[in-house]
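Let me begin by presenting the structure, written as structure tokens, before commenting on it.
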Amino acid sequence: MVSIDLYKQEVKELTELLRNEWDDVRSVAEQNDLSPTNTFLLSFIEDEDENETCLFFNTEKGLYLYEKNEDKISFKKVESSDVEKDFPQVKVVEDLENFDSW
């Protein structure tokens, strides 16, 4: 089992990329009314065909799953219980108030 600290490190790095470097991922969040200042990127997966999957958590609105496969794009609200098997990083949501000290 992976340590919660490794998930926190991953989420910290991904969120910093979302807020500071990844314009395309930040644009996905903003186009769906998720402000980068209170949105965290819990997971980012891209395959060799440039298909993407992102799991966002917004402190006011909750969890959102973004999937881009070929020409199909999906952005939907999800519950942690529905995605925790595929995205164990959702466990860090409970400690996001301490994000700056991770």
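Descriptive notes on the structure:
- For the chain, the longest principal axis of the C-alpha atoms and the axis of helix 4-20 are separated by about 50°.
- Residue-normalised accessible area of segment 20-102, expressed per residue, 1.4 Å probe, Å²: 63 Å²
- Accessible-area composition of the chain, carbon plus sulfur, in percent [1.4 Å probe]: 42 percent
- Take every pair of alpha-carbon atoms less than 8 Å apart whose residues are at least six positions apart; their mean separation over the length of segment 4-96 yields a relative contact order of 23 percent.
- Semi-axis lengths, Å, segment 37-99, gyration tensor of Cα atoms, sqrt of 5 times eigenvalues: 22, 12, 11
- In the context of the full protein assembly, residue 3 retains an accessible surface of approximately 50 Å², using a probe radius of 1.4 Å and ignoring ligands and nucleic acids.
- Lysine pair count for the chain with Cα-Cα distance under 19 Å and sequence separation of 8 or more or different chains is 11.
- Extension gain, residue 61 back to residue 74 (0.36 nm per residue minus Cα-Cα distance, nm): 3.0 nm
The values are calculated or read from the model by the stated rules, or taken from the named source; none is laboratory data. Everything numeric in this text was worked out from a predicted model, so none of it was measured. Note: areas computed on protein heavy atoms with side chains; ligands, DNA, RNA excluded. Shrake-Rupley method; radii C 1.70, N 1.55, O 1.52, S 1.80 Å.
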